[in-house]
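What follows is a single structure, written as structure tokens, with notes after it.
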Amino acid sequence: MAALPGGTVTFLFTDVDGSTELVKRLQERYGAVLATHRGLLRAAFAEHGGTEVDTQGDAFFVAFGRARDAVAAAIAGQRALADHPWLDDAPVSVRMGLHTGEPYRAEHGYTGVAVHRAARICTIAHGGQVLLSRSTAGIVDDEEIPGVSLRDLGEHLLKDIDRPERIFQLVVEGLPSVFPPPRTFAQQIPLTGTVTIVMTDAMGMIRLSRELRPEQIGALLNEYRRLLREVFAGMGGREVEAAFDSIMAVFPTAKQAALAAAAAQRALAAHDWPHGRKVAMSVALHSGEAGIGWVGLAALRCAELCDAAEGGQIFMSQATAGLLEDEDLGDLAVRELGEQQTRRTQLAVRAYELLVPPAM
């Protein structure tokens with residue numbers, strides 16, 4: 001191991017997001033993908049003076065003598081991963097966390113809270129995202145790196161850390177910048193009071209899975225999820241569940257949820273899908289009390305409405321429609337449909353439809 005930097009050190013932790021699912025999908029091919037990922041990141045870290053402290057599985061622990069170098073290495077690593085021609089069914093997305101502190105030197109590495117803080121920050125990031133602690137952000141902000149800015153994500157509780165940590169996201173020109181909220185302990189606690197749930201279901205995926213190769217259906221699903229996450233996160237939503245072709249998000253207000261649902265339908269309709277296959281989805285909105293772990297009557301009601309809608313439609317409950325009565329929705333309109341039947345269980349549900357004119 002090269003000599004470890006001492007004094008004030010900036011730690012960079014990385015981890016492959018969704019690695020378990022990737023291993024199951026790729027099986028014996030995962031070894032080659034992992035080796036490529038390691039090679040790309042090691043080259044980026046070495047170029048900017050990083051010292052590899054530890055590597056376990058698909059995770060890196062790297063130390064830098066300067067915060068600016070650590071940030072430059074993180075950016076270079078994300079760019080290398082984004083530019084690499086991964087197979088359609090093997091996209092590698094890496095989350096990164098940085099923290100600057102004064103750790104204790106040990107025989108084979110470092111000890112101290114600073115190490116744990118950096119590791120915890122990495123765990124709350126999403127694939128492709130780089131998160132910084134307050135100390136690292138403060139140093140980097142003074143550096144004024146071209147094409148790079150910081151987004152304040154507020155204070156978050158980290159596992160086994162007593163006080164909240166203010167988290168900043170690195171926003172880099174040319175790299176993805178819209179992500180769901182950090183996966184912190186506080187984010188896992190349900191909102192109290194009334195929220196509006198948005199649930200989506202991509203139509204015809206079982207049929208498409210028979211017609212397309214596994215890597216092709218994987219590419220479609222990845223694009224579908226990416227588009228929805230960008231729209232929902234950008235409009236104040238919080239993703240709380242994702243399973244195959246369905247995503248559930250919650251919004252503080254019915255208006256935010258309605259505008260986000262409309263924007264999502266327009267985004268899917270306008271998107272240039274791979275393999276020439278359009279993806280249509282049903283969407284449902286329901287306003288109710290947040291349940292523990294987001295499993296409650298409100299979520300079940302929303303699922304029934306989603307099952308009743310067809311591809312391209314947005315159904316909502318009477319509760320949501322009532323909350324929207326006095327809201328200015330622009331070119332959107334709400335109409336009452338009466339009772340509609342769910343596809344799977346043949347239940348009758350009262351539904352209202354949000355009408356979305358095609359984007360001009």
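Descriptive notes on the structure:
- In the set (1) exposed (fewer than 15 other Cβ atoms within 10 Å of the Cβ); (2) farther than 26 Å from LEU208 by Cβ; (3) among the charged types (D, E, K, R), LYS278 fails one condition alone, (2).
- Of the residues in segment 242-254, at least one is in contact with a helix residue (DSSP H, G or I) (Cβ under 6 Å, 6 or more places away or on another chain), assigned by TED's automatic domain parsing to the domain that holds LEU228 and of a type in the set (D, E, K, R).
- Considering only residues in segment 214-259 that are under 29 Å from LEU26 (Cα atoms) and assigned to a loop (DSSP other than H, G, I, E, B), the one that is modelled with the highest pLDDT turns out to be ASP245.
- From the options GLN318, GLN256, residue that is in contact (Cβ under 8 Å) with a residue 40 or more places away in the chain, surrounded by fewer than 22 Cβ atoms within 10 Å (Cβ to Cβ), farther than 17 Å from MET203 by Cα and among the polar types (S, T, N, Q): GLN256
- Just so you know, in segment 305-336 the residues that are of a type in the set (A, V, I, L, M, F, W, C) and assigned to a strand (DSSP E or B) include one that is nearest to ASP245 (Cα to Cα), and it is ILE314.
- Candidate set from segment 104-122 (those that are at pLDDT 90 or above and charged (D, E, K, R)); member that is farthest from the chain's Cα centre (by Cα): ARG117
- Inspection of segment 212-225 identifies at least one residue that is out of contact with any Leu (no Cβ under 8 Å at 6 or more places or on another chain), exposed (fewer than 15 other Cβ atoms within 10 Å of the Cβ), assigned by TED's automatic domain parsing to the domain that holds GLN318 and of a type in the set (D, E, K, R).
- Of all residues in segment 25-38, those that are touching a helix residue (DSSP H, G or I) at 6+ places or on another chain (Cβ under 9 Å) and not aromatic (Phe, Trp, Tyr) total 6.
- Residue check for ARG134: closer than 30 Å to GLU21 by Cβ, in contact with an Asp or Glu (Cβ under 9 Å, 6 or more places away or on another chain), modelled with pLDDT of 90 or more and among the basic types (Lys, Arg): no
- The test for being among the aliphatic types (A, V, I, L, M) and in contact with an Asp or Glu (Cβ under 6 Å, 6 or more places away or on another chain) holds for ALA59.
- Selection within segment 139-176: residues that are part of a helix (DSSP H, G or I) and either among the hydrophobic types (A, V, I, L, M, F, W, C) or at pLDDT 90 or above (or both). The member of this set that is nearest to the chain's Cα centre (by Cα) is VAL140.
The values are calculated or read from the model by the stated rules, or taken from the named source; none is laboratory data. The shown structure was predicted, so the numbers you read here are calculated from the model rather than taken from an experiment. When we count neighbours, we look across all protein chains shown, and the Cβ atoms used for this are built from the backbone with ideal geometry, even at glycine.
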